[in-house]
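Notes follow the structure.
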């Protein structure tokens, strides 16, 4: 075999090897694609009538007792410096403690708190309190509840960093009557929590908060917007455990 043939054969072999290597390299770096048509998980928004997603019973143990939580809630309200506010009840749920604060002169609900069942940290109760309360609000600097004077304008108040949470006129006389709110709440319970009924109702500024019962036992809480009639079940509280009525 002459030299030219040997060179040609070697050249062809090198080119073939290079092509195989290049094709393997391209194969390894082909991007992996995912199905972009996958349906996102359903969500339940505030005020919707969607069926809530079932949750497994919580096994969380509380480092605090309901007596501890009551003391924390009362101390917090005292620190606000408003003698017209008092803690009416404290409930223990599997995820947190819940405290209801009322106005002593009117009997109306003022605001709601949740208390971490391990650390005792106090925060505004999410849901109706955060979305619908027309008189009381949140401190923008600390995230804690704070008393807000009534008015019609939103925005910042003074140097204390208190954020007004006013949506319309702060009044407990609302477009949706208590009876209408109870009817709407019961319809929601009939659809989503069979066997439960509406119990005691507390009128807040902008909404109604209702106890939910199953038979003669306390079961949970449900809120109804006083202007629109939207219904919100307080699913995030978890499983009811104990209740303490104060006064």
> Which of (1) surrounded by fewer than 16 Cβ atoms within 10 Å (Cβ to Cβ); (2) over 20 Å from residue 109 (Cβ atoms); (3) in contact with a strand residue (DSSP E or B) (Cβ under 8 Å, 6 or more places away or on another chain); (4) modelled with pLDDT of 90 or more is the odd one out, the single condition residue 143 does not satisfy?
Replying inline: (4)
> For the range 173-191, which residues satisfy the criterion of being touching a residue at least 24 places away in the same chain (Cβ under 8 Å) and either under 20 Å from residue 106 (Cβ atoms) or touching a strand residue (DSSP E or B) at 6+ places or on another chain (Cβ under 7 Å) (or both)?
Replying inline: 174, 175, 176, 178, 181, 182, 184, 185, 188, 189
> Which condition breaks for residue 85 when tested against (1) surrounded by fewer than 16 Cβ atoms within 10 Å (Cβ to Cβ); (2) in contact with a strand residue (DSSP E or B) (Cβ under 6 Å, 6 or more places away or on another chain); (3) modelled with pLDDT of 95 or more?
Replying inline: (1)
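Rundown of residues vs (1) at pLDDT 90 or above; (2) under 28 Å from residue 121 (Cβ atoms); (3) touching a helix residue (DSSP H, G or I) at 6+ places or on another chain (Cβ under 7 Å), yes/no style:
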residue: 160; (1), (2), (3): no, yes, no
residue: 201; (1), (2), (3): yes, no, yes
residue: 212; (1), (2), (3): yes, yes, yes
residue: 227; (1), (2), (3): yes, no, no
residue: 230; (1), (2), (3): yes, no, no
residue: 239; (1), (2), (3): yes, yes, no
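Do any strands (runs of 3 or more DSSP E) lying entirely in the range 72-139 carry at least 2 residues that are in contact (Cβ under 8 Å) with a residue 40 or more places away in the chain, and which ones are they? Steps first, please.
Values: elements: 85-93, 97-103, 109-115, 122-124, 137-139.
Ranges flagged: 85-93, 97-103, 109-115.
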>> Restricting to the range 214-225, name every residue that is over 10 Å from residue 181 (Cβ atoms) and in contact with a helix residue (DSSP H, G or I) (Cβ under 7 Å, 6 or more places away or on another chain).
In response: 220, 221
>> Being modelled with pLDDT of 90 or more and in contact with a helix residue (DSSP H, G or I) (Cβ under 7 Å, 6 or more places away or on another chain): is that true of residue 78 here?
In response: no
>> Let me spell it out: the conditions are (1) closer than 14 Å to residue 90 by Cα; (2) in a strand (DSSP E or B), and residue 247 meets all of them except one. Which number is the exception?
In response: (2)
> Quick check, is residue 206 touching a helix residue (DSSP H, G or I) at 6+ places or on another chain (Cβ under 7 Å), under 18 Å from residue 134 (Cα atoms) and at pLDDT below 95?
Replying inline: yes
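Within the range 107-126, restricting attention to residues that are surrounded by fewer than 22 Cβ atoms within 10 Å (Cβ to Cβ) and under 15 Å from residue 208 (Cα atoms), which residue is modelled with the lowest pLDDT? Lay out the reasoning, then the answer.
Step one: of the range 107-126, the residues surrounded by fewer than 22 Cβ atoms within 10 Å (Cβ to Cβ) are 107-108, 116, 118-124, 126.
Narrowing further to those that are under 15 Å from residue 208 (Cα atoms): 107-108, 126.
Details: 107: 95, 108: 96, 126: 88.
Here the answer is 126.
Search the range 218-238 for residues being closer than 22 Å to residue 69 by Cα and more than 15 Å from the chain's Cα centre (by Cα), and hand back the single one that is surrounded by the most Cβ atoms within 10 Å (Cβ to Cβ).
Of the residues in the range 218-238, the ones closer than 22 Å to residue 69 by Cα are 218-222, 234-238.
Now narrow it down to the ones that are more than 15 Å from the chain's Cα centre (by Cα): 218-219.
Working: 218: 16, 219: 18.
Restricting to residues being closer than 22 Å to residue 69 by Cα and more than 15 Å from the chain's Cα centre (by Cα), the top hit is 219.
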> For residue 47, all conditions in the list (1) more than 20 Å from residue 218 (Cβ to Cβ); (2) at pLDDT 50 or above; (3) surrounded by 15 or more Cβ atoms within 10 Å (Cβ to Cβ) hold save one; what is the number of the exception?
Replying inline: (2)
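The values are calculated or read from the model by the stated rules, or taken from the named source; none is laboratory data. Computed from a prediction, not measured in an experiment: that's the story for all the values here. Cβ coordinates were reconstructed from backbone atoms using ideal geometry, including for glycine residues, and neighbour counts include every protein chain displayed.
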